[in-house]
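The values are calculated or read from the model by the stated rules, or taken from the named source; none is laboratory data. None of these values were measured; they are calculated from a predicted model. No Cβ is skipped: glycine too gets one built from the backbone with ideal geometry, and neighbour counts run over all protein chains shown. Areas reflect the complete protein model, heavy atoms only, side chains present, ligands, DNA and RNA absent. Shrake-Rupley method; radii C 1.70, N 1.55, O 1.52, S 1.80 Å.
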Amino acid sequence: MRKVLAASIAATIVWVAPTAVSALPTDESGSSSDADAATTTAAAAGNGPADHVVFFALDGFDIEYLDLVRSGEAPMPNLQRLLRQGSVTTSTGTMTSITNPSWSSVATGAWPETHRNTAYWFNTETNTARGQQRDLAVPTIAQSVREQGGTVFSSQWFILQNYGVTFGDPDGLYTQPGGDCARRTDDAVAVLRGEPVSSGGQMVATNGIPELMTVYCDTLDAIGHEGGDIDPRIPATLTELDRQLGRIVEATKDAGIYRRTAFVVTGDHGMTTFDKGFAAEGLAAIEAAGFTPQVLTSGQSPAPGTDVAIVVGGVADVRIVGERAGDRAAVGQLKAALEGLPQVRNVFDKSDQARMHMSPNYGDLIVEPKPGWSFGATPAGPVGRHGATTELRVPLVLTGAGVRPNVHPWRPRHIDIAPTISALLGYAPPSGSEGRVLRESLRR
């Protein structure tokens with residue numbers, strides 16, 4: 001119900017006003033006892049309040065999963081201990097709330113209309129449907145830090161690959177170990193210990209402890225897609241992710257940098273359960289309005305005679321093609337037909353898309369299903385989706401060096417994360433950044 005309410009607000013004023021998350025239960029056991037002497041192995045710091053930032057990227061980290069933590073169903077003691085030095089807040093993502101465009105906004109500090117990373121859309125230049133991509137029109141935080149003399153390491157946060165980190169580069173090292181979150185954390189722990197890691201088939205050691213370290217874990221997303229946002233495996237998964245976070249924290253203590261390290265934890269999007277599809281009804285409504293539609297998968301081109309191309313990915317990208325392309329009256333007619341479907345929550349035209357800072361690569365209309373529905377086939381059982389305004393809200397954890405304890409940032413968004421991490425390290429934000437530094441939560 002909270003997701004439905006949030007989506008209703010978002011549809012009216014475009015962006016939800018994120019709020020501070022009520023306090024998680026406090027685990028009083030365990031406290032930092034390390035000396036935290038300034039490390040002599042780290043690269044030159046950027047003169048910020050933190051010498052290092054660890055970014056823990058959790059794909060599919062829905063805001064409502066924190067309810068499981070509060071209730072004790074999903075204990076996260078390591079996160080709870082970290083929060084003594086910071087805060088957890090509701091943050092707002094970008095539309096569409098699909099993995100690659102969402103992480104692109106986190107990594108660049110730019111809206112999708114600027115970074116241009118787009119997912120599940122029809123490309124008129126190639127006359128084909130596109131799935132997800134890694135194209136970026138502006139620099140990432142990894143590129144920005146590197147350009148300013150800093151060092152970066154990424155364990156499978158793929159959106160940075162070849163945008164500031166790459167295989168074999170000791171100053172901007174990328175690894176892709178695959179496996180679960182524990183395997184990816186293994187690489188981060190090894191780097192903190194000064195040990196070489198496998199990078200593109202060769203063993204490489206970083207030049208000291210990188211200033212920015214990122215670890216990407218997608219277990220929550222995989223489970224959510226398989227069983228929806230109430231899949232019974234989610235509580236245990238949250239606890240396991242917390243264990244990996246704890247391993248990283250302990251490794252920073254062993255390296256002597258804990259008190260000079262900030263930790264940022266967030267997700268790219270939330271998750272909503274659906275068990276019903278309305279592809280047949282949607283196509284019938286479009287046909288009744290006088291069009292010939294076709295649902296396309298990635299790499300597919302429309303058949304002869306098709307004048308409405310549809311690409312589904314959480315929401316549906318709908319574009320008039322052929323001789324009627326660009327006909328505003330035809331777009332209005334098509335929008336009215338889709339808005340009349342009882343399964344549809346919103347139909348966003350190009351003016352709506354511009355107001356929401358969406359990628360201009362999207363077509364004439366974006367169709368947002370009501371919760372429980374998809375513009376696709378009905379699945380065999382409950383599964384998960386994201387892409388809509390109902391999946392915009394995620395947790396944002398800011399804690400550690402340079403962060404003010406118990407001070408929640410005001411209305412944080414994906415685009416604010418890269419500028420804030422840059423400020424923590426004492427660097428300018430990425431050049432294409434459109435977000436702001438969450439200064440209210442940082443030490444002066």
³J(HN,Hα) across the stretch 115-130 via Karplus (A = 6.51, B = -1.76, C = 1.60, θ = phi - 60°), whole Hz, x for Gly/Pro? 7, 6, 5, 9, 10, 6, 8, 9, 8, 6, 5, 9, 6, 9, 7, 10
When the accessible area of the stretch 332-429 is split by element with a 1.4 Å probe, what percent falls to carbon and sulfur? 55 percent
Using DSSP, restrict attention to beta bridges with both residues in the chain and report what percent are antiparallel, rounded to the nearest 5. 55 percent
Å² per residue, accessible surface of the chain at 1.4 Å: 36 Å²
Once you treat every alpha carbon in the stretch 272-386 as an equal point and sum by Debye, what is log10 I(q)/I(0) at q = 0.13, 0.18 Å⁻¹? -0.46, -0.90
Report ³J(HN,Hα) in whole Hz for each residue of the stretch 107-114, in order, from the Karplus equation J = 6.51 cos²θ - 1.76 cosθ + 1.60 where θ = phi - 60°; Gly and Pro get x. 6, 9, x, 10, 5, x, 5, 9
Simple spin-label model, 7 Å along Cα-to-Cβ: residue 324 to residue 148 in nm? 5.1 nm
At a Förster distance of 41 Å, what's the computed FRET efficiency of residue 205 paired with residue 339, Cβ-Cβ distance as r, to 0.05? 0.10
What is the distance in Å between the Cα centres of the stretch 146-207 and the stretch 71-140? 20 Å
Answer with one residue from 258, 316, 299: the one whose Cα lies farthest towards the positive end of the charge dipole of the stretch 255-362, charges on Cβ with Lys, Arg +1 and Asp, Glu -1. 258
Global form of the stretch 126-232, assessed from the alpha-carbon gyration tensor, a/c cut-off 1.5: oblate
Förster radius 30 Å - calculated FRET efficiency between residue 195 and residue 226 (Cβ-Cβ, nearest 0.05): 0.30
Leaving out ligands, DNA and RNA, what percent of the accessible area of the stretch 154-247 is carbon and sulfur, probe 1.4 Å? 50 percent
Any chance you could run the full-extension gain for residue 127 through residue 280? It's 0.36 nm times the residue separation minus the Cα-Cα distance, nm to one decimal. 52.7 nm
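For a distance above 38 Å, tell me the whole-number percent of Cα pairs in the chain that qualify.
Distances greater than 38 Å cover 22 percent of the Cα pairs.
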For the stretch 154-167, take each phi angle, set θ = phi - 60°, evaluate the Karplus expression 6.51 cos²θ - 1.76 cosθ + 1.60, and give the result in whole Hz per residue in order, putting x for glycine and proline. 10, 9, 6, 6, 4, 5, 8, 4, 6, 10, x, 9, 7, 4
